[in-house]
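To keep things clear, I will list the structure first and then write my remarks on it.
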Amino acid sequence: MAGRKLVVEADGGSRGNPGPAGYGALVRDALTGEVLAEVAESIGHATNNVAEYRGLIAGLRAAAGIDSSARVEVRMDSKLVVEQMSGRWKIKHPDMIPLALEARELASALGSVTYGWIPRNRNAHADRLANEAMDAAARGEDWSRTAEPQDPKPAPAPAAWSGAAMKPTRTLLLRHGETTMSVEGRWAGIGPVQLTENGLAQARAAAVALKDRDIDAIVTSPLARCKATAAEIAATTGAEVRVEDGLRETDFGDWEGHTYREVMERWPAENQAWLSDPSVAPPNGESFLAVQRRVRTALDKLKVRHRHQTVLVVSHVTPIKLLVVEALGAPMSALYRMHLNVSSLSSIDWYDDGAATLRAFNDTNHLS
């Protein structure tokens, strides 16, 4: 019987090529996107390619430790490794040959392994692990990290509880202001929905509330209602705005523009399936699990770019709820048990050791 479907994300690099080198790899459940294992290691003085192969080997070994019969999809931003392991490019360098053979031996013991190239910005989690390993190598340290979040171990305590002097990366999560769709209770996904005049006023009220929060950067969904909200905050705080596509709202497909009652009446079976299973998408739309994957990628990128800073994230109901689910380690069913008002503020601290603290949720005091 075929094993579960897993995704391996791996990366490696060196400072100088060759230079102080390290790799990082993680294993995700392909269905839920949950991180099941992480591994990283400093490997002394080596080239980028050697480090990348070492990351692949570590990722395959971690996947085998989870399920030796797994069907594995490897994702890397190294075109060289992907093309060589796929058999399309020859392996000529003598340092690469034994590493490629080791990787192939590990792959042959799994259910199946496929390889795919992804751009670096979609490999941010593995890149972050590899950079931690390279930092350690540059300090001359023998360093490694292994984590298996699927084990029934308690989550790491936030730094404030443990007493450690650890500075978090703080995200202030702002839902966009009111739109005609939100007033009428209609599904508003990826369409060009605009703020109402009241929505603009709400954005300005949020800007006043945030002007003394020392915001280092603003990251916004690409959709018009969020960009307009972010522009009001930027005008007051002076923070730079960057668009992050992964923070856009769910694509509700055929349900866009309909009320919830209309959806229940016209698509009763599809609606019930959607409410019961986060892997189910609205007709011609996007599932919550698909949204979760891109939101996690956006979060990883944010943590790398704005480490230990305070970032305002202007987004929508679903991405903000998914960030809360991620912070709390809650099941996906928690999505259906949260309510977020327009222009509400929530706050999460993310710590380098993997801990997170939800500091505020659905705060609308600035609108009163």
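Read-outs: derived from the displayed coordinates by stated rules, not from any lab. Only a predicted model underlies this, so the values are computations on that prediction, with no experimental measurement involved. Don't worry about glycine lacking a Cβ; one is built from the backbone with ideal geometry, like all the others, and counts go over all protein chains shown.
Let me have the relative contact order for the chain, percent, based on Cα pairs under 8 Å that are six or more residues apart.
17 percent
Sort 256, 265 by Cβ crowding within 10 Å, fewest neighbours at the top.
Arranged by neighbour count, lowest to highest, 256, 265 become 265, 256.
To the nearest 20 debye, what charge dipole does the chain have about its Cα centre, counting +1 at the Cβ of each Lys and Arg and -1 at the Cβ of each Asp and Glu?
On the way: 42 positive and 46 negative charges, 78 e Å.
Dipole about the Cα centre, nearest 20: 380 debye.
Which of the lysines could be linked to residue 301 by a straight reach, that is with a Cα gap under 20 Å, when you skip same-chain ones fewer than 8 residues away?
Output for residue 301: 167, 227, 321.
Sorting 42, 144 on the 10 Å Cβ count, fewest up front, what's the list? Kindly include the intermediate steps, with their values, before the conclusion.
Values: 42 25, 144 14.
Starting with the residue having the fewest Cβ neighbours, the order is 144, 42.
To the nearest Å, what is the center-to-center distance of the range 216-243 and the range 265-337, using C-alpha atoms only?
21 Å
What is the distance, in nm, between label points placed 7 Å from the Cα along the Cα-to-Cβ direction at residue 305 and at residue 224?
2.4 nm
Per residue of the range 258-265, what does 6.51 cos²θ - 1.76 cosθ + 1.60 with θ = phi - 60° give for ³J(HN,Hα)? Whole Hz please, x for Gly and Pro, Karplus curve as stated.
Karplus values, whole Hz, x for Gly and Pro: 8, 7, 5, 4, 4, 5, 4, 6.
What nm value, rounded to one decimal, do you get for the distance between residue 97 and residue 17 when each label is placed 7 Å out toward the C-beta?
2.4 nm
Given R₀ = 25 Å, FRET efficiency for residue 273-residue 68 by Cβ-Cβ distance, to 0.05?
Calculated value: 0.15.
Mind grabbing the base-10 log of I(q)/I(0) for the range 184-312 at q = 0.14 Å⁻¹? Debye formula, identical points on the C-alpha positions, no solvent, two decimal places.
Here log10 of I(q) over I(0) equals -0.74.
Arranged from highest to lowest average of other beta-carbon atoms within 10 Å per residue, in what order do the peptides 293-305, 313-325 appear?
Ranked from most to least packed, the peptides come out as 313-325, 293-305.
Do any trypsin sites (Lys or Arg not before Pro) in the range 1-93 lie in a DSSP loop with no more than 11 other beta carbon atoms within 10 Å, and if so, which?
Those satisfying the criteria are 88, 90, 92.
Can you give the convex hull volume of the alpha carbon atoms of the chain per residue, in Å³?
It comes to 155 Å³ per residue, whole-number rounded.
Taking neighbour Cβ counts within 10 Å as the exposure measure, how do 267, 255, 89 sort from fewest upward?
Ordered by Cβ neighbours within 10 Å, fewest first: 89, 267, 255.
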